[in-house]
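What follows is a set of notes on a single structure, which appears directly below.
The values are calculated or read from the model by the stated rules, or taken from the named source; none is laboratory data. Keep in mind the model is a prediction, meaning the values are calculated, not measured. Here the Cβ positions follow ideal geometry from the backbone for every residue, glycine too, while neighbour counts run over all protein chains shown. When the accessible area is computed, the model is the full protein with side chains, heavy atoms only, and any ligands, DNA or RNA have been set aside. Shrake-Rupley method; radii C 1.70, N 1.55, O 1.52, S 1.80 Å.
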Amino acid sequence: MFKFFVAGGPVFMAVLTIVLVCMFFAAWKAPRWVKEIGAFAIVFGIFSTLLGITQMLGVVQEVGDIDTGVLCGGMKVTLIPTIYGIIIYMISLIVRIIEKPRI
């Protein structure tokens, strides 16, 4: 798990982890914010992926011809924060469902 944290970019993954902690704190203090914090996590994950793709394409432009295996490895690494953001969003939805059962 720590390998994914480092591979996904420590800055972005640390911010997403802080968002996850804030979401659990909000579930306790401000339950209405849980879904919005989860939405922020997914948007921030997509933002970090777009920055990663931009950096990756800049390197491809500088190098020129590049192996597809290296390119696919770069795509895999850039998608890690988005996956983490989606997981945080799913957790926020589950927390929201647990907090307010509607019958």
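Do you know which of the residues in the range 53-79 that are modelled with pLDDT under 90 and within 14 Å of residue 13 (Cβ to Cβ) is nearest to the chain's Cα centre (by Cα)? By that ranking, first place goes to 78. In the range 7-33, the residues that are hydrophobic (A, V, I, L, M, F, W, C) form Cβ pairs under 9 Å with partners that are surrounded by 14 or more Cβ atoms within 10 Å (Cβ to Cβ) and part of a loop (DSSP other than H, G, I, E, B), at six or more places apart or across chains, as follows: 16/8.
Is it true that residue 34 is crowded, with 16+ Cβ neighbours inside 10 Å and touching a Lys or Arg at 6+ places or on another chain (Cβ under 6 Å)? Judged against the criteria, residue 34 is a match. For the range 65-81, the criterion of being in contact with a Ser or Thr (Cβ under 6 Å, 6 or more places away or on another chain), closer than 26 Å to residue 30 by Cβ and in a helix (DSSP H, G or I) is satisfied by at least one residue.
Which one of 25, 44, 40, 12 is among the hydrophobic types (A, V, I, L, M, F, W, C), surrounded by fewer than 16 Cβ atoms within 10 Å (Cβ to Cβ) and assigned to a helix (DSSP H, G or I)?
Numbers: 44 fails: surrounded by fewer than 16 Cβ atoms within 10 Å (Cβ to Cβ); 40 fails: surrounded by fewer than 16 Cβ atoms within 10 Å (Cβ to Cβ); 12 fails: surrounded by fewer than 16 Cβ atoms within 10 Å (Cβ to Cβ).
Within the list 25, 44, 40, 12, the selection yields 25.
Taken over the range 61-101, the residue count meeting the criterion of being under 20 Å from residue 51 (Cα atoms), in contact (Cβ under 8 Å) with a residue 60 or more places away in the chain and open to solvent by 50 Å² or more (accessible area, probe 1.4 Å) is 1.
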